[in-house]
Amino acid sequence: MTTGQNGFGSSLTRRTALLGLAAAGAATLGGFARPGIARAATPVRGGTLRFGLAGANTTDSLDPGLAWDDFMMLLTNGGLRNNLVELAPDGSPVPELAESWEASPDARVWLFRLRRGVEFHNGQSFTANDALASIRHHIRDDATSLSKSVLSQISEVVAEDSHTLRITLAQGNADLAILLSDYHLGMMPALPDGSVDWQSGIGTGGYKLEMFEPGVKAMGTRFANYWKTGRAHADSVELIAINDASARQAALMSGAVDVINRVDLKTLEFFSRAPNVRIDEVQGYQHATLPMRVTSAPFSDVNVRLALKHAVNREQWVKAILQGHGSVGNDHPIGRTQKYFNADLEQRSHDPDKARYHLKQAGLDRLAVDLSTSDAAFAGAVDAAVLMQNSAAEAGIDITAIREPSDGYWSSVWAKKPFCACYWAGRPTADGIFSLIYAKGASFGDTDWDNARFNSILTEARGTLDEALRAEMYGELQAIVRDDAGTIVPMFMNFVNGTSDRVGMPEARNAELALDGMKALERWWIS
């Protein structure tokens, strides 16, 4: 996958290829799946694979840079388009539309050799010009892409020839290949003016778009000239928006759909008794958060933020909301199975006395705040707000849980109300998740937090090639977020999907995102 030609060192890129989540983090929790599900069996061609999905919105767009919930992530990332790089089940970067890459010894200049003979759905050949336009789509001055902040480190992109792309960074980043696997970065056909055609949904992926109604439904048919062998097994795929958990379950039970995401964990016992239905559970990086906008009083005071962080009963959340299908969080976004996880940080626990101490440090005897919530944020978020209300009361904090409408929650509540519920799917690298949410000017920044030391270390860590020093830097970043940022991270949540027993899938699955790293459209099959 890497070479040492043209002055580019091979040792760096070999090491880079090994970066990612630990294999243990991608393990399937097979004890929760009934016997008989077709996992390692030979894939079956044909049929229609139907998904009933939470995470659809009437504001959804075919612009991959604007994908931010399960429906569009699955449609664009694993169905319509391919990236330059994809992730193997163990989290390491492997070739997709880039068949190989090389990095300079300082990880600043990268060459990507692009695959030949790849067609877009309209018959146009994929070239470096398309890759150039696709990346520029996210970094131009007027870009609205949610990956703009992550890719801001790119200083230049050049098509050296028809199948070679050179990317130069402002400073080195050993994780660039992994970052290019981001679900926002699917390749699109270039237009004569240097922009891209995102409106049509045309890509190089396994399925050609036949119908798309935002927030309602999408349909695709298998692309006859798909370049990948052994992928895109179904003749057609359907994605149906079903945001209500009970309605999703009913659709699966009745046979109206073959796969549902975000199973209501309270119904798992019922699932285990249901014929022809299976549970698929994977431990990943998904986590629930309670973001506080630090530009709004009283959250502008770090002591108020710490009081609320000590007021959460995390173990209760995992037991009551997840039914044990997850683990406690420690107010930063790096999971226990991820590279650079700081195991030396003391686990924060429910401590009303410490919460009261921080209230006094803020000059307060009591605190009253509103917490906006909806099950659109994550399954059980409304119940979680009630748990937060009860545990915080022990510390003299009065929380009013406000149940917001699910429709429009992400456009009208999240990142707008001062204190709300949220969830994140996670990213395969520490730099990816920190840059996306916590860095100054982050595309997904939902707290307006700005910590100068955090930003400085984050930038420096990207170009640091010494592994021990890098681990120390990312460890400190976790500590800074834990103790200063405006985000409470109460728990990490396993991915739990329900499927018909006619659905087959590979034994090894990607744990970074739900639904096999959002590649289920091309990796799963229906028999």
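The values are calculated or read from the model by the stated rules, or taken from the named source; none is laboratory data. These numbers come from a predicted model, not from an experiment. Cβ: placed from backbone, ideal geometry, glycine included. Neighbour counts: every protein chain shown.
Take the conditions (1) in the same structural domain as LEU74 (by TED's automatic domain parsing); (2) in contact with a helix residue (DSSP H, G or I) (Cβ under 6 Å, 6 or more places away or on another chain); (3) at pLDDT 95 or above; (4) buried (at least 21 other Cβ atoms within 10 Å of the Cβ); ALA218 misses just one of them, which is (1).
The set of residues in the range 457-472 being within 21 Å of GLY329 (Cβ to Cβ) and without any contact (Cβ under 8 Å) to a residue 60 or more places away in the chain consists of LEU458 alone.
Taking the criterion of being touching a residue at least 60 places away in the same chain (Cβ under 8 Å), in a helix (DSSP H, G or I), in contact with a Leu (Cβ under 9 Å, 6 or more places away or on another chain) and small (Gly, Ala, Ser), the residues of the range 128-166 that qualify are ALA133, SER134. Within the range 221-241, the residues that satisfy the criterion of being part of a loop (DSSP other than H, G, I, E, B), at pLDDT 95 or above and not acidic (Asp, Glu) are PHE223, ALA224, ASN225, TYR226, TRP227, LYS228, ARG231, ALA232, HIS233, ALA234.
Could you tell me whether any residue of the range 192-201 is in contact with a Phe, Trp or Tyr (Cβ under 6 Å, 6 or more places away or on another chain), assigned to a loop (DSSP other than H, G, I, E, B) and of a type outside the set (Lys, Arg)? For the range 192-201, residues in contact with a Phe, Trp or Tyr (Cβ under 6 Å, 6 or more places away or on another chain), assigned to a loop (DSSP other than H, G, I, E, B) and of a type outside the set (Lys, Arg): absent. As for the range 173-188, it holds no residue that is more than 14 Å from ALA133 (Cα to Cα), of a type in the set (Ser, Thr, Tyr) and outside any loop (DSSP other than H, G, I, E, B). Filtered by the rule that a residue be surrounded by fewer than 16 Cβ atoms within 10 Å (Cβ to Cβ) and closer than 24 Å to GLN286 by Cβ, the range 345-382 gives GLU346, GLN347, SER349. Inspect all residues belonging to the range 16-36 and state whether any of them is at pLDDT 50 or above and in a helix (DSSP H, G or I). No, there is no match, as no residue in the range 16-36 is at pLDDT 50 or above and in a helix (DSSP H, G or I). The residue of the range 384-407 that is nearest to LYS354 (Cα to Cα), among those that are outside any helix (DSSP H, G or I) and in contact (Cβ under 8 Å) with a residue 40 or more places away in the chain, is ALA395.
One line per residue, one yes/no per condition, for (1) closer than 22 Å to VAL294 by Cβ; (2) polar (S, T, N, Q); (3) over 28 Å from the mean Cα position of the chain (by Cα); (4) at pLDDT 95 or above:
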{"site": "SER349", "(1), (2), (3), (4)": "no, yes, no, yes"}
{"site": "ASP353", "(1), (2), (3), (4)": "no, no, yes, yes"}
{"site": "LYS360", "(1), (2), (3), (4)": "yes, no, yes, yes"}
{"site": "THR373", "(1), (2), (3), (4)": "yes, yes, no, yes"}
{"site": "ALA425", "(1), (2), (3), (4)": "no, no, no, no"}
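Looking across ILE457, ILE397, one residue alone is β-branched (Val, Ile, Thr) and surrounded by fewer than 22 Cβ atoms within 10 Å (Cβ to Cβ). It is ILE457. So in the range 248-289, with the set limited to residues that are among the small types (Gly, Ala, Ser) and either within 28 Å of ILE437 (Cβ to Cβ) or without any contact (Cβ under 8 Å) to a residue 40 or more places away in the chain (or both), which one is surrounded by the fewest Cβ atoms within 10 Å (Cβ to Cβ)? Among residues in the range 248-289 that are among the small types (Gly, Ala, Ser) and either within 28 Å of ILE437 (Cβ to Cβ) or without any contact (Cβ under 8 Å) to a residue 40 or more places away in the chain (or both), the one surrounded by the fewest Cβ atoms within 10 Å (Cβ to Cβ) is SER254. Filtering the range 422-456 to residues that are polar (S, T, N, Q) and in a helix (DSSP H, G or I) leaves SER435, ASN455, SER456.
The number of residues in the range 158-174 that are surrounded by fewer than 24 Cβ atoms within 10 Å (Cβ to Cβ), closer than 21 Å to ASP431 by Cα and not polar (S, T, N, Q) comes to 4.
Annotation: PHE299 fulfils all but one of (1) surrounded by fewer than 24 Cβ atoms within 10 Å (Cβ to Cβ); (2) part of a strand (DSSP E or B); (3) not acidic (Asp, Glu); the unmet one is (2).
Looking at ALA514, ALA485, ALA520, can you tell me which residue is touching a Phe, Trp or Tyr at 6+ places or on another chain (Cβ under 9 Å), modelled with pLDDT of 95 or more and closer than 15 Å to ASP70 by Cβ?
Just one listed residue meets the conditions, ALA520.
Report whether or not ALA256 is part of a loop (DSSP other than H, G, I, E, B) and within 30 Å of GLU119 (Cβ to Cβ). Against the criterion (part of a loop (DSSP other than H, G, I, E, B) and within 30 Å of GLU119 (Cβ to Cβ)), ALA256 does not qualify.
On the stretch given as the range 499-512, residues that are under 15 Å from LEU49 (Cα atoms) and either not in a strand (DSSP E or B) or not assigned by TED's automatic domain parsing to the domain that holds GLY46 (or both) total 3.
Could you please let me know if GLN316 is in the same structural domain as TRP449 (by TED's automatic domain parsing) and under 30 Å from ALA41 (Cβ atoms)? Against the criterion (in the same structural domain as TRP449 (by TED's automatic domain parsing) and under 30 Å from ALA41 (Cβ atoms)), GLN316 does not qualify. Would the range 119-130 turn up any residue that is exposed (fewer than 14 other Cβ atoms within 10 Å of the Cβ), at pLDDT 95 or above, of a type in the set (Val, Ile, Thr) and under 17 Å from SER195 (Cα atoms)? Looking through the range 119-130, none of the residues is exposed (fewer than 14 other Cβ atoms within 10 Å of the Cβ), at pLDDT 95 or above, of a type in the set (Val, Ile, Thr) and under 17 Å from SER195 (Cα atoms).
Residues of the range 63-93 that are in a strand (DSSP E or B) and farther than 16 Å from LEU513 by Cβ: none at all.
Considered as a group, the residues in the range 408-421 that are part of a helix (DSSP H, G or I) and in contact (Cβ under 8 Å) with a residue 60 or more places away in the chain include one that is surrounded by the fewest Cβ atoms within 10 Å (Cβ to Cβ), and that residue is SER411.
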